[in-house]
1. Output the number of residues of region 44-56 satisfying the condition of being near the ligand (Cβ under 9 Å from one of its atoms) and either under 16 Å from S117 (Cα atoms) or loosely packed, with under 13 Cβ neighbours inside 10 Å (or both).
2. Search region 69-86 for residues being more than 8 Å from the ligand (Cβ to nearest atom) and closer than 16 Å to L46 by Cα, and hand back the single one that is nearest to the chain's Cα centre (by Cα).
3. Can you tell me which residues in region 75-112 are part of a helix (DSSP H, G or I), within 15 Å of L53 (Cβ to Cβ) and among the basic types (K, R)?
4. When residues of region 80-118 are filtered for being surrounded by 19 or more Cβ atoms within 10 Å (Cβ to Cβ) and touching a residue at least 60 places away in the same chain (Cβ under 8 Å), how many remain?
Amino acid sequence: MNSSIRVSTAAGLCLPVLFGFVFYLAAESIPAERPDSESIARGRELFNKKEGLKVKFECILCHKQDKAIKNSEVQKIGDHLPAVINKYLVEKSKGSPLPADGPEMQALMAYIRYEHSQ
Ligand code: HEC
């Protein structure tokens with residue numbers, strides 16, 4: 001067996017393993033159900049405008065460009081996301097907390113998880 005065949009054989013064995021691993025990581029980090037696009041759009045509106053959440057300072061005021069919420073942070077926060085959103089909603093935006101299972105919180109989470117974060 002010459003060396004180029006040996007290299008391609010090694011690549012042939014490694015690539016499927018590598019792809020399997022990447023898909024495993026992707027599956028781990030994406031919650032099973034993607035929210036519908038209406039929910040994401042509603043969340044975008046709530047995030048970008050004062051009126052929907054009845055706040056003094058809209059989220060986008062602080063979270064734009066390099067201050068956008070990072071995907072790695074969202075992953076770390078995991079299931080605590082409603083509590084963290086409420087914390088900033090109250091402390092920074094000067095609004096009132098939302099019920100965690102209500103449609104507005106669900107929409108904000110959908111937007112932050114699937115569109116805003118980077
Ligand atoms: C006055 C500025 C300001 C406003 C308004 C604001 N935030 Fe933040 N937010 C921050 C700061 C500062 C942090 C901490 C970021 C850091 O530590 O780098 C933060 C952190 C967060 C985090 C944790 C993830 C992270 O990046 O640390 C989330 C989630 C979040 N904000 C969501 C919101 C939402 C939703 C709103 C609107 C309801 C909002 N924030 C409004 C300033 C603000």
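FYI, it's all coordinate maths here, none of it is from the lab. What you are looking at is a predicted structure, and each value in this text was computed from that prediction instead of being measured. Counting neighbours? That spans all protein chains shown, and the Cβs are built from the backbone with ideal geometry, glycine included.
1. Total satisfying the criteria: 3.
2. Selected residue: P82.
3. The one that is part of a helix (DSSP H, G or I), within 15 Å of L53 (Cβ to Cβ) and among the basic types (K, R): K87.
4. Of the residues in that region, 8 qualify.
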